[in-house]
1. If I take the Cα coordinates of segment 35-76 and project them onto the principal axes, what are the three extents in Å, biggest first?
2. Can you give me the relative contact order of the chain as a percent, contacts being Cα pairs under 8 Å and 6 or more apart?
């Protein structure tokens with residue numbers, strides 16, 4: 001069973017970036033939110049490399065701006 005849909009009743013809910021990072025840190029068992037944030041950035045960097053630009057845009061266009069600014073490194 002997937003916990004998210006059960007807790008939310010299937011409805012999308014916003015989550016502050018700080019809470020998202022704290023949940024990552026707790027799930028990974030890392031002591032520092034900065035480390036969890038770096039891991040989230042690594043996942044999105046890998047995703048960017050794995051899919052084409054249109055697909056990546058489709059995913060990131062749904063994120064709040066603070067998530068985009070904190071998690072998606074500028075493309076070089």
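1. Answer, in whole Å and largest first: 28, 20, 17 Å.
2. Across the chain, relative contact order equals 25 percent.
Read-outs: derived from the displayed coordinates by stated rules, not from any lab. Every value quoted in this text rests on a predicted model; they were computed, and no experiment measured them.
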